[in-house]
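Colleague: What follows is a structure written as structure tokens; I'll ask about it next.
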Amino acid sequence: MALELDDLRSCLILSEQLHFRRAAEILHVSQPALSKQIRRLEDRLGGQLLIRRSRGLHLTSAGQVLLQHARQVIEDAESAERITRLALKGEAGTLRVGFGIAVLARGLPDLMLRFRKRFPNVDLSVRNMSTSDQTQALIDKRIDVGFVRLPIRMEDIETIPIVHERLMIVLSEQATHHAKDGLAALKSAPFILPCRADSASFYDHVFRTCRAAGFVPRVVQEADVFFTALNLVRAGLGVSIAPSAVQLMRVPQIRFAETRIPEAEWSIGIAWNRQCPRSVLVENFIQMARKFLSSTIK
């Protein structure tokens, strides 16, 4: 039969105090009630744990063994209770988040730092994934939430829009290309873009936008991240197209211009599997993401 946690706690306090009255006061119980708990514990274990002597209480060898293990058992139980209470309030647990490069540029790292600071008992796991990979991961329950390109037309996926984005032209300050007339003026320019392998949805969006402007971009260089692409533009190796949020990177000696193409705009939303009801933890994350990301540049 399993031992009662309250009996273990009482035995631990009594073993430390070796005095019934002091132990009873600490436990806020009467001395007879404490004696009853100890007898019950001894009955379940089948032997004496404490011996009354003229000079006070003394632990038996079995009592000393119990004392060594009882502390850890009680600490583990109290820790489990504390973390479970936090989990019920959405302040503990594990949160698996998928994201794309556009929301990464908009401020996802800062959002994660804020969330971790506010909820230090939540284990965050983040994965850079395309929108299609995120939706599949949500269906397979490999992630809990994702930042996806909208719209998503899948019955099992529910979304909430959080930010609107647009593609912008990126040029060096010394560039001779004139972008005041929009993207169409850059049809002969060399382009620097992030690798399609890193985000097929973004790469394809750039090509759709360029086609809407009347040309197919001539890509002369691919970069692994936006920061690299912006610095290659700064070096004069070409022009680029990037989400407006990359302006937050504050790369010097480059300038941004509007594409003047409606197809350059899109929305980013938070998505989750509607077959998995939103937990309090997920809800806490969504609320913080909506508040923080929507406050970044438009």
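The values are calculated or read from the model by the stated rules, or taken from the named source; none is laboratory data. Owing to the predicted nature of the structure, the values given are computational and were not obtained by experimental measurement. So basically every Cβ, Gly included, is an ideal-geometry build from the backbone, and we count neighbours across all protein chains shown. Note: areas computed on protein heavy atoms with side chains; ligands, DNA, RNA excluded. Shrake-Rupley method; radii C 1.70, N 1.55, O 1.52, S 1.80 Å.
Colleague: Where residues in the stretch 171-229 are more than 38 Å from the chain's Cα centre (by Cα) and modelled with pLDDT under 90, which of them is surrounded by the most Cβ atoms within 10 Å (Cβ to Cβ)?
Modeller: Across the stretch 171-229, the extreme among qualifying residues is 179.
Colleague: Let me ask another. If I filter the stretch 280-298 down to residues being among the polar types (S, T, N, Q) and in a loop (DSSP other than H, G, I, E, B), which single residue comes out as nearest to residue 180 (Cα to Cα)?
Modeller: So, considering only residues that are among the polar types (S, T, N, Q) and in a loop (DSSP other than H, G, I, E, B), the one nearest to residue 180 (Cα to Cα) is 296.
Colleague: Let me ask something additional. What tally of residues in the stretch 106-119 results from selecting those that are within 22 Å of residue 137 (Cα to Cα) and either touching a Gly at 6+ places or on another chain (Cβ under 8 Å) or open to solvent by 10 Å² or more (accessible area, probe 1.4 Å) (or both)?
Modeller: 2
Colleague: So, of the residues in the stretch 261-279 that are open to solvent by less than 50 Å² (accessible area, probe 1.4 Å) and assigned to a strand (DSSP E or B), which turns out to be farthest from residue 107 (Cα to Cα)?
Modeller: Per the stated criteria, the residue is 273.
Colleague: Tell me which of these residue 129 doesn't satisfy, since it passes every other one: (1) over 21 Å from residue 284 (Cα atoms); (2) open to solvent by 20 Å² or more (accessible area, probe 1.4 Å); (3) without any contact (Cβ under 8 Å) to a residue 40 or more places away in the chain.
Modeller: Checking residue 129 against (1) over 21 Å from residue 284 (Cα atoms); (2) open to solvent by 20 Å² or more (accessible area, probe 1.4 Å); (3) without any contact (Cβ under 8 Å) to a residue 40 or more places away in the chain, the one that fails is (2).
Colleague: Continuing with this model, one more query. Scan the stretch 18-43 for residues that are out of contact with any Gly (no Cβ under 8 Å at 6 or more places or on another chain) and either of a type in the set (S, T, N, Q) or outside any helix (DSSP H, G or I) (or both) and jot them down.
Modeller: Those that are out of contact with any Gly (no Cβ under 8 Å at 6 or more places or on another chain) and either of a type in the set (S, T, N, Q) or outside any helix (DSSP H, G or I) (or both): 28, 29, 30, 31, 35, 37.
Colleague: Separate question: For the stretch 205-260: of the residues being assigned to a loop (DSSP other than H, G, I, E, B) and hydrophobic (A, V, I, L, M, F, W, C), which is farthest from residue 105 (Cα to Cα)? Walk me through how you get there before you give the answer.
Modeller: Taking the stretch 205-260 and keeping what is assigned to a loop (DSSP other than H, G, I, E, B), we get 213-217, 224-225, 235-238, 250-253, 259-260.
Filter once more, so that each one left must be hydrophobic (A, V, I, L, M, F, W, C): 213, 215-216, 225, 235, 237, 251.
Values: 213: 25, 215: 26, 216: 25, 225: 10, 235: 21, 237: 22, 251: 13 Å.
For the stretch 205-260, the residue satisfying everything is 215.
Colleague: Another question about this same structure. Say we look at the stretch 172-204 and pick out the residues that are in a loop (DSSP other than H, G, I, E, B) and touching a Leu at 6+ places or on another chain (Cβ under 8 Å); which of these is nearest to residue 241 (Cα to Cα)?
Modeller: Per the stated criteria, the residue is 179.
Colleague: If you don't mind, there's one more thing I want to ask. Does the stretch 151-170 include one or more residues that are of a type in the set (A, V, I, L, M), in a helix (DSSP H, G or I) and surrounded by fewer than 20 Cβ atoms within 10 Å (Cβ to Cβ)?
Modeller: Looking through the stretch 151-170, none of the residues is of a type in the set (A, V, I, L, M), in a helix (DSSP H, G or I) and surrounded by fewer than 20 Cβ atoms within 10 Å (Cβ to Cβ).
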